[in-house]
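Taking it in order: structure first as C-alpha cells, then the write-up.
The values are calculated or read from the model by the stated rules, or taken from the named source; none is laboratory data. Predicted, not measured: the structure shown is a model, and the values here were computed from it. With ideal geometry, Cβ positions are generated from the backbone for all residues, glycine too; neighbour counts draw on all protein chains shown.
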Amino acid sequence: MIEKIKILELVNNALEGSDKFLVNLKITPDNRIYVDIDGDNGVTIDDCIELSRAIESQLDRDVEDFALDVSSAGADQPLKLIRQYRKNVGRDLEVVTVDGERADGTLEDASDEGIVIRTTGTKKKPAETLRFAYRDIKSARVAIKF
C-alpha cells in the first residue's frame, strides 16, 4: 500500500510557493488516492492537472499500481481549515454547531480561535453578531445562492 506520508510530501512539495493548499488526503486499501486542494484565489482544472502530473511523475506504477484523483474542494463541502474560512470572509455561511444549533450569516472574521458571522435580521428577529470557536463548529459551508 502506498504510504500516506509519501503522498503528503509530494503534494506539499508540488504546492510549495503557490497559493494552493491541501484540504484532504485519503488513500484506500486498494491504492486509490484522493487529493482535495483549495487556493486563496480558487482552483482551476489546470491546477488539478498540474498537481496530478507532479504526483504521478514521482510514483512508479510498475512497483505499485494506483488510481489518483486530484480535485478542488467542492463548494458543497464543509470548510475544514482556518485558511478556508479566511478566504471566505464576506461570503454567506451555513454553520451547524456540535450542539445542533444552526446559524446563517455573513462571515465577518476568521481568527486563529474562531469565526464571527452577522445574521440577516427579519421582522421577528433582529440581525445579530455571533461568535463561534472552531471546536464548537460541527460543519460550516459556504451558502450557494442563485
Report summary line: When the range 90-107 is checked residue by residue, the ones that are in a loop (DSSP other than H, G, I, E, B) and not hydrophobic (A, V, I, L, M, F, W, C) are Gly90, Arg91, Asp99, Gly100, Glu101
**Report entry** Residues satisfying the stated conditions in the range 31-49, i.e. charged (D, E, K, R) and in a strand (DSSP E or B)
**Finding:** Arg32, Asp36, Asp38
**Report entry** Positions within the range 5-60 being more than 20 Å from Ile82 (Cβ to Cβ), of a type in the set (Ser, Thr, Tyr) and surrounded by fewer than 16 Cβ atoms within 10 Å (Cβ to Cβ), in sequence order
**Finding:** Thr28, Tyr34, Thr44, Ser57
Requested in this report: For the range 87-96, indicate whether the set of residues that are at negative phi and either of a type in the set (Phe, Trp, Tyr) or touching a Phe, Trp or Tyr at 6+ places or on another chain (Cβ under 8 Å) (or both) is non-empty.
Outcome: yes
Query - Criterion: within 30 Å of Lys6 (Cβ to Cβ) and modelled with pLDDT of 95 or more - qualifying residue of Glu56, Glu94, Glu113 - result: Glu56
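Per-residue answers, yes or no, for (1) among the small types (Gly, Ala, Ser); (2) under 26 Å from Lys6 (Cβ atoms); (3) buried (at least 18 other Cβ atoms within 10 Å of the Cβ):
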position: Asp65; (1), (2), (3): no, yes, no
position: Ala73; (1), (2), (3): yes, yes, yes
position: Asp76; (1), (2), (3): no, no, no
position: Val89; (1), (2), (3): no, no, no
position: Gly100; (1), (2), (3): yes, no, no
Requested in this report: Of the conditions (1) outside the structural domain of Thr44 (by TED's automatic domain parsing); (2) surrounded by 14 or more Cβ atoms within 10 Å (Cβ to Cβ), Gly121 clears all except one; give me its number.
Outcome: (2)
Report task. Test Ala73 against the stated conditions and say whether it is in contact with an Asp or Glu (Cβ under 7 Å, 6 or more places away or on another chain) and either of a type in the set (Val, Ile, Thr) or in contact (Cβ under 8 Å) with a residue 12 or more places away in the chain (or both). Result -> yes
